[in-house]
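The structure under discussion appears below in the form of structure tokens.
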Amino acid sequence: MTAALPVEPFNRRIEVLIAVMDRQDEKELAAQLLENRGWSVRPWHPEAGHGSPEGRRGAAAPLGPGRTGLLVEVRLHGARFGAVQAAVSEIEALARRHQAGIWVVDAVLIEHDLSHDYRTEIHAHRHLPRASAPSGFRGRLAALRTTLGLITTVRILKQPGRPSVEDVAQRLERGTPTGRPYDAEALRLRIPMGMEGRAADAPPPDPVSAWRLAGPLLAGLGVATACGFATAVLHGFQILVPLIIVCGLIRPVGRQLTERRQDKPPIVVVAWGTASVVGCAALGLVLALTAPGPPGQAPRTLAYAVGGGSALAFVLYGLGYALVHSWFSRNANWAVPALVPALALSLPWFGGLLHTMYLQAGFGVPSDAIHVSVYSSYAASLKPVGLALGLAAVVLALAGWMRHYHQWVHARGMVRIGVPLMSLFVIGISLAAGLAGAEASANRARTAATAGTTPAPYYGVRGRLICVKPLAEKTPVFNGPLATTRPLLTFGTSGDRVWLWDPQRAESLSVRLEDVVVTEARSSTCG
């Protein structure tokens, strides 16, 4: 049986032994269901075993009367944690959904140590014949270039163990391993520093967790950055303490950075450690000197920066886990262009809604009576809409982390319903908070106008206190009477009319511009 392999790359492989009814139609149904998910299926032979030696011993047991075995290679995205349980749950859910006779017998995670390469890497580069080799300064410069690897590599070979350069050169002259010709007079083989492999009889190294490698490294770099901060705060001989700590961190950090290759020369370890530790210390010093406030508040600024950066990294990685290899990533070529105009149209609409809430609900002034630029509408909506999108991104990031650790396999229905509902909830709460913020700004503006001071502007809406004097005794006033002895609040004119708000009456009124004389209020009274 052949499987239609998926196009997307997967980073977890789980080999699952399943038992199906020993009937041709049942085996074809199981194979079709599993291959439609992009999983390879092949017959299971008891004498071949399954997985590791332990798995081969366990697979010798019969599967049951009237049943035969199939080997399924389940491919998943995500972490190692929960991958086997997720593969078993996927197969069992598929069997229940289609009423297929499929029973999981054994499941094992397949992993290869691809992060460590213990082969010897040999480079071939061109060199001048010995007779015409330059001497003196040019010769020493050429030898230094060869030592540092600042030469053009024309061929790379990777051999297991630690073979000698002479043996490799002889095999190349004989046409092995690829049969490509090799000119020993024009080419020269060398092993770069730190590229020596592991001996063939050496025991295999124990697998090291990525967190075990990254944890001490991040801790050392963090301490180096903190020492840079402390250098800007301390005085006198106290500065020597963080400097000594920085010097002590060079070798441990360098060893962590160069641990992927064994037998690194000490100069390489010290060079990597110096570059990273001194760079982080210098960064901490620059941040401490450029941070706002006195240098004593630099640790607090660093804590805020680390917390904010960690939260941002958590959200960005979660969004990546949620969106990569999903419906959105497969349809991003049309989904993203469709979202851009929708967002561009919704921002000024919501900004106009905020201006309406500020003017209409706060002062009783019609929103169309005041001219507000479209840029102000965008600016008014950025904060609440940005908060809504940020909270929705946090919810989606949490779902992404659940997907990465295969936790939503056990609650797939709840996740499919809960994540959209939670996203809509936080978006609605954020937009409602934006409307409440507009109403709160209107309340503060009313309080300032009542106290006789000019209120703060609200995204392009500027209120001013003015004195109004009618030109005739019988002046038509909408929602009058018109107060002439105290300042009134206005947000501008609309055509031939001006809308006013009376702080004492807490009412809005409107008059024609040609019927009144408007002057700026310079005191708490007019007249």
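Count of the stretch 463-477 residues, restricted to those that are open to solvent by 50 Å² or more (accessible area, probe 1.4 Å) and touching a Ser or Thr at 6+ places or on another chain (Cβ under 9 Å), is 2. Scanning the stretch 14-24 for residues that are open to solvent by less than 80 Å² (accessible area, probe 1.4 Å) and out of contact with any helix residue (DSSP H, G or I) (no Cβ under 8 Å at 6 or more places or on another chain) yields GLU15, LEU17, ALA19. The lone criterion from (1) within 22 Å of ALA397 (Cα to Cα); (2) touching a residue at least 12 places away in the same chain (Cβ under 8 Å); (3) open to solvent by less than 60 Å² (accessible area, probe 1.4 Å) left unmet by ALA332 is number (2). The set of residues in the stretch 218-252 being surrounded by fewer than 16 Cβ atoms within 10 Å (Cβ to Cβ) and within 27 Å of the chain's Cα centre (by Cα) consists of LEU218, ALA219, GLY222. If you go through the stretch 394-427, how many residues are open to solvent by less than 50 Å² (accessible area, probe 1.4 Å), touching a helix residue (DSSP H, G or I) at 6+ places or on another chain (Cβ under 8 Å) and not hydrophobic (A, V, I, L, M, F, W, C)? Going through the stretch 394-427 one residue at a time, the tally reaches 5.
Checked against the criterion of being part of a loop (DSSP other than H, G, I, E, B) and under 22 Å from GLY352 (Cβ atoms), the stretch 507-527 contains not a single residue that satisfies it. Taking the criterion of being over 30 Å from LEU347 (Cβ atoms), modelled with pLDDT of 85 or more and not in a helix (DSSP H, G or I), would at least one residue in the stretch 431-450 satisfy it? Scanning the stretch 431-450, I find no residue that is over 30 Å from LEU347 (Cβ atoms), modelled with pLDDT of 85 or more and not in a helix (DSSP H, G or I), so the answer is no. A single entry from GLY460, GLY492, GLY480 fulfils the requirement of being in contact with a Lys or Arg (Cβ under 8 Å, 6 or more places away or on another chain), small (Gly, Ala, Ser), open to solvent by less than 80 Å² (accessible area, probe 1.4 Å) and farther than 20 Å from SER523 by Cβ: GLY492. For the stretch 507-527, the candidate set comprises residues that are open to solvent by 60 Å² or more (accessible area, probe 1.4 Å) and of a type in the set (Gly, Ala, Ser); within that set, the residue that is farthest from VAL372 (Cα to Cα) is GLY527. With respect to the stated conditions, ILE151 is hydrophobic (A, V, I, L, M, F, W, C), within 19 Å of THR120 (Cβ to Cβ), modelled with pLDDT under 85 and not in a helix (DSSP H, G or I).
VAL477 meets each of the listed conditions (1) under 25 Å from SER377 (Cβ atoms); (2) without any contact (Cβ under 8 Å) to a residue 40 or more places away in the chain apart from (1). Taking ALA445 as the residue in question, decide whether it is among the small types (Gly, Ala, Ser), closer than 16 Å to TRP501 by Cα and touching a helix residue (DSSP H, G or I) at 6+ places or on another chain (Cβ under 8 Å). So ALA445 fits the description; yes.
Take the conditions (1) in contact with a Gly (Cβ under 6 Å, 6 or more places away or on another chain); (2) assigned to a loop (DSSP other than H, G, I, E, B); LEU489 misses just one of them, which is (2).
The values are calculated or read from the model by the stated rules, or taken from the named source; none is laboratory data. Keep in mind it's a predicted model, so treat the numbers as computed, not measured. Every residue, glycine as well, gets a Cβ built from its backbone with ideal geometry; the counts of neighbours run over all protein chains shown. Heads up: the accessible areas ignore ligands, DNA and RNA and are worked out on the full protein's heavy atoms, side chains in. Shrake-Rupley method; radii C 1.70, N 1.55, O 1.52, S 1.80 Å.
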